[in-house]
1. Tell me which GluC sites (Glu not before Pro) from region 145-213 have a DSSP coil assignment and no more than 13 other beta carbons within 10 Å of their own.
2. Could you work out how far the C-alpha centroid of region 18-63 sits from that of region 162-228, in angstrom?
3. Could you tell me which trypsin sites (Lys or Arg not before Pro) in region 35-112 are loop residues by DSSP with no more than 11 other beta carbons within 10 angstrom of their beta carbon?
4. With the alpha-carbon atoms as the only input, what is the per residue convex hull volume for region 1-146 in Å³?
5. Got a number for carbon plus sulfur as a percent of the chain's accessible area, 1.4 Å probe?
6. Accessible area per residue, 1.4 Å probe, Å², for the chain: what's the number?
7. Work from the charge dipole of region 94-228 (Cβ charges, +1 for Lys and Arg, -1 for Asp and Glu, about the Cα centre) and give the residue of 117, 132, 158 farthest towards its positive end.
8. Compare 83, 135, 147 in a GNM of the chain, Cα atoms joined below 10 Å, and give the one with the largest fluctuation.
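The values are calculated or read from the model by the stated rules, or taken from the named source; none is laboratory data. These numbers come from a predicted model, not from an experiment. No Cβ is skipped: glycine too gets one built from the backbone with ideal geometry, and neighbour counts run over all protein chains shown. Keep in mind that these areas ignore ligands, DNA and RNA; they rest on the heavy atoms of the full protein, side chains included. Shrake-Rupley method; radii C 1.70, N 1.55, O 1.52, S 1.80 Å.
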Amino acid sequence: MADLDWNGIAAELDAHGCAVVGPLLTPAECVSLVEAYTSGTFRSRVVMASHGFGRGEYKYFAYPLPATIDGLRSALYPPLADIANRWNDALGIDTRYPPDLGAYLARCHKAGQINPTPLLLQYGPGDYNCLHQDIYGEHVFPLQVAILLSRPGIDFTGGEFVLTEQRPRMQSRIEVVPLGQGEGVIFPVHHRPVRGTRGVYRVNMRHGVSRLRSGHRHTAGIIFHDAL
């Protein structure tokens, strides 16, 4: 975490709507989280096809979170809160985020959003994740992180992380984000500011995963707001 260039990360997010960081996890930590999919403590399991979300499945961790996930969530939040506050200022949104994750989660919990949102996702051949936004209640922290736990080209093929950006009165822009094992991508939950010739405007963002061609792909998702 100490090696991350947050000025560079902020510039990438401003320019492209995403930033690749890391590796945030070692190969051994990645393997440990993959194994936790069958042995960890979770609050719920979602089969995507049952809800029209795509194919594959994911599980939301229960509190207390695994130490690796909890540590990353706590460490990533403060610099991301700085970026989120700057974005809200640019968009004329009054909400500001405290510098400490605990204070922000207390805000969520006061509004009834008490369920943890960090999760593990599992994909097999032919699986995919439809474009979506991870919104679970009134309080939404505008940035999140996905970390690839598997080895592209070895554990799986296909399954690219995809972002779409819907711009006002323009065609949508697509960003495909290649990741290595342990690397993360920081991206907006639902929208971000973009500077145009007439000032700053809001673009809506969605993310998903393209069809897996072979093998199995595991990802950890770190979302900072809790759910109802």
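1. Numbers: sites: 160, 165, 175, 183; in loops: 160, 183.
Within region 145-213, no GluC sites (Glu not before Pro) qualify (loop, at most 13 other Cβ atoms within 10 Å).
2. 17
3. Working: sites: 43, 45, 55, 59, 73, 86, 96, 107, 110; in loops: 96.
Here the trypsin sites (Lys or Arg not before Pro) that fit, given the DSSP loop and packing criteria, are 96.
4. Values: hull volume 20.8 nm³, N = 146.
Convex hull of Cα atoms, per residue: 142 Å³.
5. Working: 5480 of 10720 Å².
Solvent-exposed carbon and sulfur of the chain make up 51 percent of the total.
6. Per residue, the chain has an accessible area of 47 Å².
7. In region 94-228, that residue is 132.
8. Looking only at 83, 135, 147, the largest GNM fluctuation is found for 135.
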